[in-house]
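Accompanying notes for the structure given below.
The values are calculated or read from the model by the stated rules, or taken from the named source; none is laboratory data. Being a predicted model, the structure only gives us computed values, none of them experimental. Cβ coordinates were reconstructed from backbone atoms using ideal geometry, including for glycine residues, and neighbour counts include every protein chain displayed.
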Amino acid sequence: MNLELHPTFDRLLKRIDFEQKLSQQAKAIWLTGLSGSGKTTIAQGLQKKLWDAGFFAQVLDGDNIRTGISNNLDFSEKDRQENIRRIAELTKLFVHTGIITINCFISPTRAIRSQAKEIIGREDFLEIYIKASLDQCEKRDVKGLYKKARKGEIKNFTGIDSMYEAPNNPFLTIDTDQLNVENSINKLFNSILPQINL
Ligand code: ADP
């Protein structure tokens, strides 16, 4: 086929082609909060709920990022920044292929989240603050990490010996000290729906 005679075929598919095929607008739903605040639980519930409603979303979290593309990085300030840069670049690729991403990363500083927002694009970045008190997160201690951090076995642990800066003006705040899992997922689903509906 002579591509010059077929202008429609002379370039890669565009974002809008993917979005129309998937009947959705792609966004990065960026969950930030302390370890144990509920990011992963909410992300997984949201993915399922979106799926049931006909949306296509990928969850990006420590499990699939830290063990793969970022397995050569530690938790120092410099490496955290590089980790977020890689995640943001990956997220951008997903979003430009029409796929919604649900990102669960502590992403502790405003500077780090702002870097992610700049890379992904302001329009596509929905910052969600998964709010829970340190006290509550420590009580939950899902992976036993707080105990280790208190004993000094883990260094630079957010909330213990590394700071967490809450977002100033998030798209949405979900307070998991107050809401149960189901209500948290529903709250997030209902708020993002107008953003992802084509
Ligand atoms: P994170 O990914 O932020 O480290 P996880 O989702 O792994 O946190 O763990 C959160 C823990 O808190 C889970 O054990 C979950 O059952 C519990 N939890 C209690 N209330 C909520 C809520 N409203 N939303 C999410 N998780 C909650």
Item to check | Candidates K48, K78 - the one that is more than 15 Å from I130 (Cβ to Cβ), loosely packed, with under 14 Cβ neighbours inside 10 Å, within 16 Å of the ligand (Cβ to nearest atom) and not hydrophobic (A, V, I, L, M, F, W, C) | outcome: K48
Item to check | Top-ranked residue in region 131-155 [being among the hydrophobic types (A, V, I, L, M, F, W, C) and surrounded by 14 or more Cβ atoms within 10 Å (Cβ to Cβ); ranked as modelled with the lowest pLDDT] | outcome: I154
Checklist entry - Among the residues of region 19-31, is any more than 16 Å from the ligand (Cβ to nearest atom) and without any contact (Cβ under 8 Å) to a residue 60 or more places away in the chain? => result no
Next on the checklist: For region 127-148, check the following and say yes or no: at least one residue is without any contact (Cβ under 8 Å) to a residue 40 or more places away in the chain, among the aliphatic types (A, V, I, L, M) and not in a loop (DSSP other than H, G, I, E, B).
Outcome noted: no
Next on the checklist: Among the residues of region 75-82, are any at pLDDT 95 or above and within 22 Å of P170 (Cβ to Cβ)?
Outcome noted: no
Next on the checklist: Between a residue in region 181-198 that is in contact (Cβ under 8 Å) with a residue 12 or more places away in the chain and any residue that is within 10 Å of the ligand (Cβ to nearest atom) and assigned to a helix (DSSP H, G or I), which pairs come within a Cβ distance under 6 Å, given they are 6 or more apart or on different chains?
Outcome noted: V181/T41; S184/I42; I185/I42; I185/G45
Checklist outcome for this item: Among the residues of region 98-121, the number that are outside any loop (DSSP other than H, G, I, E, B), under 9 Å from I84 (Cβ atoms) and hydrophobic (A, V, I, L, M, F, W, C) is 3
Next on the checklist: It is to be established whether one or more residues within region 156-165 are over 20 Å from D79 (Cβ atoms), modelled with pLDDT of 95 or more and either in contact with an Asp or Glu (Cβ under 7 Å, 6 or more places away or on another chain) or not in a strand (DSSP E or B) (or both).
Outcome noted: no
Checklist entry - So which residues in region 165-178 are more than 14 Å from E127 (Cα to Cα) and surrounded by 17 or more Cβ atoms within 10 Å (Cβ to Cβ), if there are any at all? => result T176
Checklist entry - Quick one: in region 94-140, which of the residues that are polar (S, T, N, Q) and over 15 Å from the mean Cα position of the chain (by Cα) is nearest to P170 (Cα to Cα)? => result S133
Checklist outcome for this item: Of T158, T101, the only residue that is polar (S, T, N, Q), closer than 23 Å to S191 by Cα and either loosely packed, with under 14 Cβ neighbours inside 10 Å or within 16 Å of the ligand (Cβ to nearest atom) (or both) is T101
